[in-house]
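Engineer: I'd like to ask you about the structure that follows.
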Amino acid sequence: MRVAVIGSGPSGIYAADALVSQEDVPVEVDIIDRLPVPFGLVRYGVAPDHLSIRSVRDTLNKVLQKPGVRFLGNVTVGSDVSLADLQACYDAVILTYGASSDRRLGIPGEDLDGSVAATDFVAWYCGHPDADRERFERLLPSATSAVVVGVGNVAVDVTRVLAKSVGELNHTDMPQHVLETLQSAHITDVYLLGRRGPAQASFTTKELKELGELLEADVLVKPADVELDPVSAALAESERGVGRNVDVIREWAERAPAGKPRRIHVRFLSRPVELRGDDRVDTVVVERTRLTPEGSVEGTGEMEEIPADLVVRSVGYRGTPMEELPFDERSGVIPNEDGRVTRDGEAVAGYYVAGWIKRGPTGIIGTNKKDAVATVASLLADAQSGALSEPTTPGGIDALMAERGVTVVSTAGWDSIDEAEKALGASRGRERTTIHDRDELLRSAIG
Ligand SMILES: Cc1cc2nc3c(=O)[nH]c(=O)nc-3n(C[C@H](O)[C@H](O)[C@H](O)COP(=O)(O)OP(=O)(O)OC[C@H]3O[C@@H](n4cnc5c(N)ncnc54)[C@H](O)[C@@H]3O)c2cc1C
């Protein structure tokens, strides 16, 4: 059996591993990615200063090197190759292309210059080939006060990157131009805004704590923000993770600032209602909120203006549709049952999903493993029951790509890029430096 996996993030690689690790059905897997390099958000999302989490790449890389697995990078499904093409070349297709779009705040001024989506900012500092380098090189050196909207781990990553000194980031694989631009920024104040209380924020305690341990930034919390209503207090009592987060935030509220050159203002029960400015955002209008007994949030009408020349909106990632396959607009995922793509409740033969495009942008990297294994179990059951149709041109993808003039980056090509990034890093005393330019990645792939 030949299977195409669309997307080389963790879910795609875990799916490929599950396929080649079983012996009931002999399988060959091609992992196709629109980028010349593998690993999806492990490379272009996970914070570069979280070296141990990023080292998951080593485990994922071992799968790419397994017999029966090929990496086909620089191939975009939807433009270089269609799903119909893939159907002709493979017995089954597993869609693991993630959730790369951003959710909107839906407030006036959201599109002002200086207001950016966390997806774009993160892509830039991780060296994504499609990142808008010019935009951040223009915005950051002239920014002094930033507002980060959202209280999840991505918002915490963004806040930390903005508040860290370059000395604290120098050892990472961030591209040199990113480090230089961050160094040229003079941001003294970063506001992290959450519309609910500290008990409702979806931080992990370890990531949260780090904000209070930065060399050059004090963390400031208003005591009123840590006064819990009865529902939140009960939540902090019953859920250990919530209780630990609340303890960390309480400790910050009691801390005296050490007079460090930067400040992180963590604000709860605060929602942005308008971004103001002429050519560029200069003010965020924030409304104080309160929690209702039903657990939702309502405005109090009490307004505050926060000066900000950079606003990073971190209110969630969102999936996008793929060609003519069904798509749930409300939740931003491909409808499925046990990983089988469904249309009006009926399985669409030969198509499967795993990872963020299956269940939405939730969970940790490891969550995608269990998820991918479950999808592969459905696929193997279908293969054994004869529910899959034979490909008409098995193995035809190579000829098709050559015919269309697509430069495919193979596993060996990726290995060359890997070596080139390690060599670039070594030249600056680092373990690795990310190559951000697509042409340079392609040149490195050729060796
Ligand atoms: C900013 C950020 C920080 C994170 N930090 C952590 C963390 O510290 N710890 C943790 O456990 N988790 C973290 N996560 C979550 C983790 O990264 C995800 O759970 C995981 O990457 C989702 O895997 P995936 O394979 O479904 O999608 P992705 O990792 O997004 O992979 C999708 C792949 O599909 C490719 N693709 C997209 N469209 C096409 C197409 N048309 N054709 C071909 N290929 C395509 C993409 O290029 C990409 O390589 C973080 C996420 C983000 C956004």
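Engineer: Please sort by residue number the GluC sites (Glu not before Pro) in region 370-447 whose DSSP state is loop and whose Cβ has at most 13 other Cβ atoms within 10 Å.
Structural biologist: On the way: sites: E403, E419, E421, E431, E440; in loops: E431.
Passing both the DSSP loop test and the Cβ count: E431.
Engineer: Continuing with this model, one more query. With 10 angstrom as the radius, rank E329, E168 by how many other C-beta atoms surround their C-beta, starting from the fewest. Don't skip to the end; give the middle numbers.
Structural biologist: Numbers: E329 9, E168 16.
The fewest-first ordering by Cβ neighbours comes to E329, E168.
Engineer: At a Förster distance of 22 Å, what's the computed FRET efficiency of S82 paired with D344, Cβ-Cβ distance as r, to 0.05?
Structural biologist: On the way: r = 23 Å, r/R0 = 1.03.
Given R0 = 22 Å and the Cβ-Cβ separation, E is 0.45.
Engineer: With an 8 Å cut-off on Cα pairs and a minimum separation of 6 or more residues, tell me the relative contact order of the chain in percent.
Structural biologist: Values: 934 pairs, mean separation 99.1, N = 447.
22 percent.
Engineer: A 26 angstrom limit on the alpha carbon distance is what I want to check against. Which of K66/K422; K62/K369; K209/K422 exceed it?
Structural biologist: Details: K66/K422 22 Å; K62/K369 15 Å; K209/K422 31 Å.
Flagged as over cut-off: K209/K422.
Engineer: Can you give the FRET efficiency to the nearest 0.05 for V297 and E110, using r as the Cβ-Cβ distance and R₀ = 22 Å?
Structural biologist: 0.70
Engineer: How much length would be gained if the chain were fully extended between R404 and A234, taking 0.36 nm per residue of separation minus their Cα-Cα distance, in nm to one decimal? Spell out each step's value before the answer.
Structural biologist: Numbers: separation 170, 0.36 × 170 = 61.20 nm, distance 6.08 nm.
That pair, R404 and A234, stretches by 55.1 nm at full extension.
Engineer: Please give me, ordered by residue number, the GluC sites (Glu not before Pro) of region 236-270 that lie in loop per DSSP and have at most 13 other Cβ atoms within 10 Å.
Structural biologist: Taking region 236-270 and a limit of 13 other Cβ atoms within 10 Å, the loop GluC sites (Glu not before Pro) found are E239.
Engineer: Take the alpha carbon gyration tensor of region 112-203, find the square roots of its eigenvalues, order them as a ≥ b ≥ c, and report rounded if a/c is under 1.5; if not, report prolate when a/b exceeds b/c, else oblate. Please report the intermediate quantities before stating the final value.
Structural biologist: Details: a/c = 1.63, a/b = 1.55, b/c = 1.05.
Prolate, because a/c is 1.5 or more and a/b exceeds b/c.
Engineer: Sticking with this one: Let me see the pair-distance distribution of the chain: every alpha carbon pair, 10 Å bin width, integer percents in order.
Structural biologist: 4, 20, 28, 24, 16, 7, 1, 0
Engineer: Also: Find the relative contact order for region 102-314 and round it to a whole percent, using C-alpha pairs within less than 8 Å whose residues are 6+ positions apart.
Structural biologist: Values: 434 pairs, mean separation 63.9, N = 213.
Dividing the mean separation by the residue count of region 102-314 yields 30 percent.
Engineer: Then there is this: Say R0 is 22 Å: what FRET efficiency, to the nearest 0.05, do L51 and A374 get from their beta-carbon distance?
Structural biologist: On the way: r = 30 Å, r/R0 = 1.37.
E between L51 and A374, to the nearest 0.05, is 0.15.
Engineer: By the gyration tensor of its Cα atoms, with a ≥ b ≥ c the square roots of the eigenvalues, what is the shape of region 1-86: rounded for a/c under 1.5, prolate for a/b over b/c, or oblate?
Structural biologist: Details: a/c = 2.71, a/b = 1.26, b/c = 2.15.
Oblate, since a/c reaches 1.5 and b/c is not below a/b.
Engineer: Okay, moving on. Of G98, G299, V151, which is farthest on the positive side of the dipole of the chain, counting Cα position, with +1 on Lys and Arg Cβ, -1 on Asp and Glu Cβ, and the Cα centre as origin?
Structural biologist: Going by the charge dipole, the pick is V151.
Engineer: Can you give me the convex hull volume of the Cα atoms of region 102-314, divided per residue and expressed in Å³? Show your work: numbers first, answer last.
Structural biologist: Working: hull volume 25.5 nm³, N = 213.
Hull volume over Cα atoms, normalised by residue count, gives 120 Å³.
Engineer: To the nearest 20 debye, what is the magnitude of the charge dipole of region 362-447 about its Cα centre, counting +1 on the Cβ of each Lys and Arg and -1 on the Cβ of each Asp and Glu? Please report the intermediate quantities before stating the final value.
Structural biologist: Working: 9 positive and 13 negative charges, 72 e Å.
Its charge dipole is roughly 340 debye.
Engineer: Would you mind computing, in nm to one decimal, how far apart the modelled labels at D24 and R138 are, each placed 7 Å from Cα along Cα→Cβ?
Structural biologist: Calculated label separation equals 5.6 nm.
Engineer: Nearest-5 percent of antiparallel DSSP beta bridges in region 102-314?
Structural biologist: Working: 15 of 39 bridges.
So the antiparallel bridges in region 102-314 amount to around 40 percent.
Engineer: Find how much the distance from D247 to S331 grows on full extension, using 0.36 nm per residue of separation minus their present alpha carbon separation; answer in nm with one decimal.
Structural biologist: 27.0 nm
Engineer: Any idea what angle helix 367-384 forms with the longest principal axis of the chain, computed on alpha-carbon atoms, 0 to 90 degrees, nearest 10?
Structural biologist: Orientation of helix 367-384: about 20 degrees from the principal axis.
Throughout, read-outs are computed from the coordinates displayed, never taken from laboratory work. What you are looking at is a predicted structure, and each value in this text was computed from that prediction instead of being measured. Here the Cβ is made from the backbone with ideal geometry for all residues, glycine too, and neighbour counts use every protein chain on show.
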